[in-house]
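> Let me give you the structure first, and then I'll get to my questions.
Bear in mind these aren't lab numbers, they're just calculated from the coordinates by the rules spelled out. None of these values were measured; they are calculated from a predicted model. Cβ atoms come from the backbone with ideal geometry, glycine included; neighbour counts cover every protein chain shown.
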Amino acid sequence: MLPSKRLALLLLGSLSTGICGLAAAQDASPTFYADALPVFQKNCVACHQPEGPGSGGLFAPMSLLDYDQAKAWAPMIKNALVTGYMPPWGAHQRHRGEFKGERYIDDKEKELLIAWVDAGAMPGNPSESAQTDALVNSGGGTILPESGWWIGDPDMVVGFDRPVYVRDDVMDWQPTVQMQIKQGELDEPKWISKAELAPGGPWVHHIVSSHMGVGVPGRGPFTYPQGWGVLMPEDPFVTVNIHYHKNPGEGTAVTDSTEAGFVFYEDGDVIDYVVETNLLPHRGWTIPAGEPNYEVNNTYDITEDIFLLSMGPHMHYRGKAMRYELEYPDGEREVLLWVPDYDFNWQFLYEYETPKFVPAGSTIHMSWWFDNSTGNRWNPDPAADVVYGLATTDEMANARIYFAPTTPQGIVVGEEIPPAILERAISADKRRRERTKLLDQNEDDLNWLTEDENSR
């Protein structure tokens, strides 16, 4: 064989091997349907789906169930994974497995998604996505029910008499608005099993409500453990205090039609634990201008045995980190919650998988850290001293807890409610009626709305 012919054959063989190797490499690269989609469904589509939830008025910008959208956002997906911005979850890795709905992503899953992006975000074969259906169906609320509520079909929905008008000149505004119950819809006390706040317009940053808890970015509905409930008395005074935060200016006015949905326990169900909440704010401090690591501390004494259900830290733009620490009666200490990189944009409620027993005589130590320096990219004014206040540009050091006394009540739904518990709920509603200054919606100018919009 001539050298030139032998060389040609060798080159042809090498080329063939290279092409086959390239094809094999391409075949081995992760694809959307076979590899990325199951990871998205496990970790991301609770938010990133068509008609996804608007937690605290925030909506995911794309659906990761859709290949075209996932591919278009692929570079941003990689960046969010590399930086740790997504999936959003403030609790340190030490708490993995402790709280419901945790959003940790496994390192291998993160590496797979990054590899999928780096390989060109290829689609693969759509038929391979059939294996992921079970992930969606078993995800417990990862796909929005047909009702449009994450809690399923509500037993009762309440809302405003008319939309709340948020004017052009508003930057920070926190009106308290009553949510009306239709005549005859609640003619006896009910035990709340689930509650959900559904922001009805943009610029709703957070909602503090009676009977429902708090709605903020990152928090979903309140679904209490079986046997845990909140008592709503007959003729309740249902209110929400809504914090609207936006950039003021001509043409920025919007309306809000926030609603709340409730699911009640059925007759025959047993309520052992009546849910209580405490805000635990700390005031009276000043964060100096330029201070990168200002610390605030407070304590709360536990006077009876309780089961701690959940914790909700709250700060504003300068919030840096937050810690709940439990000191037992014998002096031993335990970190209940450590949020080392607090993000104002995501304010989670950390609910235990199993409510935690806290004995009487214990003390909860709370610590907040703030960054008022130029190094904080969210800081609206590093040159200003900052105090506790309602405006977003002020600060807060809040530590909400949800809990219940440990003694089982054995209350059978549909039968007589213990007088002390019923009176406590009625008294709370009475105090709320006496102390609450409601927004006078008659003062709102809604003439610019269309008749159709007004009639909703």
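> Given charges of +1 on the Cβ of Lys and Arg and -1 on the Cβ of Asp and Glu, with all other atoms neutral, how large is the dipole of the chain about its Cα centre, in debye to the nearest 20?
Dipole magnitude for the chain comes out near 1760 debye.
> Which whole-number percent is the relative contact order of region 278-405 (Cα, under 8 Å, 6+ apart)?
Numbers: 315 pairs, mean separation 58.8, N = 128.
Relative contact order here is 46 percent.
> Counting other Cβ atoms within 10 Å of each Cβ, which GluC sites (Glu not before Pro) in region 247-299 have at most 16 and sit in a DSSP loop? Write out the running numbers ahead of the final one.
Details: sites: Glu250, Glu259, Glu266, Glu276, Glu295; in loops: Glu250, Glu266.
Answer by residue number: Glu250, Glu266.
> Here is a follow-up. If contacts are Cα pairs under 8 angstrom and at least 6 residues apart, what is the relative contact order of the chain in percent?
17
> Now for a different question. Report the local net charge at Glu353: Lys and Arg +1, Asp and Glu -1, summed over other residues whose C-beta lies under 13 Å from its C-beta.
Values: positive: Arg96, Lys100, Lys356; negative: Glu98, Glu102, Glu351.
Around Glu353, the surrounding residues sum to 0.
> Same structure, new question: For Thr406 and Ala289, what is the calculated FRET efficiency with R₀ set at 45 Å and r taken between the beta-carbons, to the nearest 0.05? Kindly include the intermediate steps, with their values, before the conclusion.
On the way: r = 46 Å, r/R0 = 1.02.
It comes out at approximately 0.45.
> Counting other Cβ atoms within 10 Å of each Cβ, which GluC sites (Glu not before Pro) in region 310-391 have at most 16 and sit in a DSSP loop?
Glu332
> With each label point set 7 Å from Cα along the Cα-Cβ vector, what nm distance links Gln93 and Asn79?
That separation, rounded to one decimal, is 2.5 nm.
> Then there's this: If you take the charge dipole of the chain about its Cα centre, with +1 on Lys and Arg Cβ and -1 on Asp and Glu Cβ, which of Tyr402, Ser147, Pro248 is farthest toward its positive end?
Going by the Cα projections, it comes out as Pro248.
> For the residue pair Asp172 and Ile426, what label-to-label distance in nm results when each label sits 7 Å from Cα along the Cα-to-beta-carbon direction?
In this crude label model, Asp172 to Ile426 measures out at 4.0 nm.
> Got the relative contact order for region 202-322 handy, in percent, Cα pairs under 8 Å and 6 or more residues apart? Before the final figure, lay out each step's value.
Details: 74 pairs, mean separation 30.3, N = 121.
It rounds to 25 percent for region 202-322.
> In region 36-129, which trypsin sites (Lys or Arg not before Pro) are in a loop and have at most 13 other Cβ atoms within 10 Å, using DSSP for the loop call?
Arg96
> Then there's this: Of (i) 23.8, 82; (ii) 26.4, 106; (iii) 21.8, 69, which is the value of Rg and Dmax of the Cα atoms in Å derived from the coordinates here?
(ii)
> Could you pull out every residue, at least 5 positions away or on a different chain, whose amide H is within less than 5 Å of the one on Leu336? Hs are placed 1.01 Å off N in the peptide plane, and Pro or chain starts have none.
Amide H to amide H, under 5 Å and 5 or more residues apart or across chains, Leu336 pairs with Tyr324, Glu325, Leu326.
> Hey, another quick one. Of the options Ala289, Leu326, Pro313, report the single residue whose Cα projects farthest towards the positive end of the charge dipole of region 229-349 (beta-carbon charges: Lys, Arg +1; Asp, Glu -1).
Of the candidates, Ala289 comes out farthest on the positive side.
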